[in-house]
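Bear in mind these aren't lab numbers, they're just calculated from the coordinates by the rules spelled out. Since this is a predicted model, take the numbers as computed values, not measurements. Note that we place each Cβ from the backbone using ideal geometry, even for glycine, and neighbour counts take in every protein chain shown.
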Amino acid sequence: MVIEVLIAASIITVAILAASAVAQKSIYVAHQAFHTTQATFLLEEGAEAVRITRDNAWSNISSLTLATDYYPTFTGGTWTLSATPNTVGNFTRTVSLAAVNRDATTHDISSSGTNDPSTKLVTVTVSWPEGGATVTKTLQFYLIDIFS
């Protein structure tokens, strides 16, 4: 009788521990998915902030130093790109610009060719701490001076 009680108690204990481990892992995965969704929205918002900055004046883009981190900031009723770091909750969002070259014959974007001052490669990055590591998501797109 005592042995049956010990076996039953052991089985129940193992089942409860397994269920709590599964619950803990599912909470962790849900938390990661929530952060990834937030990061996706911040990436899109960062891209829109750069486009709005371009729409206000191309000089807002062309005057920026290439390969430098900028931070989208909503001030004065519009988006600007600031050199002052800022965070949104646990998320750090940066914007970096790179020069774009075009083939002289086809005018296609290429790794060689001449610099096109009216086109920039924009990289928006969102990073955040997750489980002792830093997770990073990136969005790249070309930005063109459409008003000249």
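Figure the gain on full extension for residue 114 and residue 26 (residue separation times 0.36 nm, minus the Cα-Cα span) and round it to one decimal in nm. Could you put the intermediate results ahead of the total?
Values: separation 88, 0.36 × 88 = 31.68 nm, distance 5.17 nm.
Additional length available on full extension: 26.5 nm.
Given the C-alpha atoms of region 22-83, compute the convex hull and give its volume per residue in Å³.
Hull volume over Cα atoms, normalised by residue count, gives 102 Å³.
Run the helix sum for the chain: -39,500 (n - 2.57) per DSSP H stretch of 4+ residues, divided by residue count, reported at 222 nm to the nearest 500 deg cm²/dmol. Don't jump to the answer; show the numbers that get you there.
Values: 2 runs with 59 residues, N = 148.
That calculation yields -14500 deg cm²/dmol at 222 nm.
Can you give the angle from 0 to 90° between the axis of helix 2-56 and the longest principal axis of the chain, with both taken from C-alpha atoms, to the nearest 10?
That works out to roughly 10 degrees.
Using the Cα gyration tensor of the chain, with a ≥ b ≥ c the square roots of its eigenvalues, what is the shape: rounded (a/c below 1.5), prolate (a/b larger than b/c) or oblate (neither)?
Cα axes put the chain in the prolate bin.
Going by a ≥ b ≥ c, the root eigenvalues of the Cα gyration tensor, does region 67-148 fall in the rounded group (a/c under 1.5), the prolate group (a/b larger than b/c) or the oblate group? Show your work: numbers first, answer last.
Details: a/c = 3.46, a/b = 1.73, b/c = 2.00.
Oblate shape, in that a/c is at least 1.5 and b/c is the bigger or equal ratio.
Given a Förster distance of 30 Å, report the FRET efficiency between residue 37 and residue 86 from their Cβ-Cβ distance, rounded to the nearest 0.05.
Working: r = 21 Å, r/R0 = 0.69.
E between residue 37 and residue 86, to the nearest 0.05, is 0.90.
Gain in length, residue 140 to residue 66, computed as 0.36 nm per residue apart minus the alpha-carbon separation, to one decimal in nm? Can you show the working numbers first?
Working: separation 74, 0.36 × 74 = 26.64 nm, distance 1.45 nm.
Stretched fully, the residue 140-residue 66 segment lengthens by 25.2 nm.
With Cβ to Cβ distances under 9 Å as the rule, what net charge do the other residues near residue 119 carry (K, R +1; D, E -1)?
Values: positive: 102, 120; negative: 116, 145.
So the surrounding residues net to 0.
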